[in-house]
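Heads up, the thing below is written out as C-alpha cells.
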Amino acid sequence: MFTFSLTVVRHGETQYNREKLLQGQGVDTSLSETGVQQGEAVGQHLKDITFCNVFASNLQRAVQTAEIILRNSTHCSGTEMLLEPLLRERGFGVAEGRHKEDLKNMANAAGQSCRDFTPPGGETLDQVKLRFKKFLEVLFKRMLEEHGSSGPAASPSGASASREAAHGTAAAASDVPPGGSADDGLQGVSVHALVVSHGAYIRVAIKHLVEDLKCTVPAGVKDSQLFSPCPNTGISRFILTLSQSESGPVLSAARCVFTNRKRHLENLPAAE
C-alpha cells in the first residue's frame, strides 16, 4: 500500500474572472496583475512542500499559476510540470466569452438551475466527472510507478497497512483547524502531488472524491463548505492510499483534509 498527498489549486485571477465572463476551454486568457499576485501568494504559502509531481491544465492561466508556484518553491524549482488536457476547465459551449448572467438566463429559459444546465456545445457535469476519473487513473498509475515500489514513501504492506490507513483516516479527520498551516495533513506522508486546475472542474472533482469515492471529510464541516465555489488560487488537499491489483491501482482509503482555503490571500488587496 502506498499513501500520498494531493494538493489541488485553482489558477489565479484573469481579467475574464474579474469581469465575470465565462472562459471554459475556448477562451485561453493569461493571469491579470491580481492573478499574478495571487499566484505569488499561494507559491509563498506552499514553498516548503516538496511536490514530487506537478500536473497542470494546459490552459495558460493554469500553466502560469503552476509556474509561479514552482518558482517560489524551496525544493521544487527543477520539478517537471506535466501539462494535462484532462484537467482543463469545463467546456461551456456557446456561453464561453459571455457574462455569467447570460448562462443564468439560458438556464432559466430551460427551466434548470444554473449549476446543472449545459449550454449548447458545452460539457455536462457527468462528462467533466469522466475526465477527472480518467485523470485519477493517470495520477494513480504514475504515483505508484514512480514512488510506490520502495523506500520511505511506500506504506507497510498487508493487513497492518489497511488498519493503519483506516486509523489514520479516522483519527486525523478532525485534527485540522480551519485556516491552518500549509502542511496540514502532511504529517507522516512523504510523497506529495500538486494539481493546478479550474473552478468548475475542481468542484466536480471534490464532489466525486467525497460522494462517489467515499472520501472521509473533516468533522463538523458542512457540504456547503466542502462544495463551495473555489476562489482563485484556493487550495484543497486530500490524502490518498493506493493498493495494486491485477487491473491496476486501486484507491484503498481517502481523506479530505480541507477544501477551498484562501488564507494566503488575506494580505492582498481585495479584488474589485
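Check region 206-225 and report whether any residue there is in contact (Cβ under 8 Å) with a residue 40 or more places away in the chain, in a strand (DSSP E or B) and basic (Lys, Arg). Checking region 206-225: not a single residue is in contact (Cβ under 8 Å) with a residue 40 or more places away in the chain, in a strand (DSSP E or B) and basic (Lys, Arg).
In the set 26, 78, 97, only one residue is surrounded by fewer than 22 Cβ atoms within 10 Å (Cβ to Cβ), of a type outside the set (Val, Ile, Thr), at positive phi and assigned to a loop (DSSP other than H, G, I, E, B); that residue is 97.
Does region 250-269 hold any residues that are assigned to a strand (DSSP E or B) and closer than 19 Å to residue 195 by Cα, and which are they?
251, 254, 255, 256, 257, 258, 259, 260, 261 - these are the residues of region 250-269 that are assigned to a strand (DSSP E or B) and closer than 19 Å to residue 195 by Cα.
Every residue, every condition in (1) closer than 30 Å to residue 34 by Cα; (2) out of contact with any helix residue (DSSP H, G or I) (no Cβ under 8 Å at 6 or more places or on another chain), yes or no:
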residue	(1), (2)
68	yes, no
92	yes, no
99	yes, yes
108	no, yes
127	no, yes
131	yes, no
144	no, yes
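Screening residue 79 on (1) within 20 Å of the chain's Cα centre (by Cα); (2) at pLDDT 95 or above shows it passes everything except condition (2).
Among the residues of region 71-83, are any in contact (Cβ under 8 Å) with a residue 12 or more places away in the chain, of a type outside the set (Lys, Arg), within 20 Å of residue 28 (Cβ to Cβ) and out of contact with any helix residue (DSSP H, G or I) (no Cβ under 9 Å at 6 or more places or on another chain)? For region 71-83, residues in contact (Cβ under 8 Å) with a residue 12 or more places away in the chain, of a type outside the set (Lys, Arg), within 20 Å of residue 28 (Cβ to Cβ) and out of contact with any helix residue (DSSP H, G or I) (no Cβ under 9 Å at 6 or more places or on another chain): absent.
The condition of being within 22 Å of residue 191 (Cβ to Cβ), at pLDDT 95 or above, in contact with a Ser or Thr (Cβ under 7 Å, 6 or more places away or on another chain) and part of a helix (DSSP H, G or I) holds for only one of 86, 136, 70, that being 70.
The values are calculated or read from the model by the stated rules, or taken from the named source; none is laboratory data. Owing to the predicted nature of the structure, the values given are computational and were not obtained by experimental measurement. For neighbour counting, all protein chains shown are included, and Cβ atoms are generated from backbone atoms with ideal geometry for every residue, glycine included.
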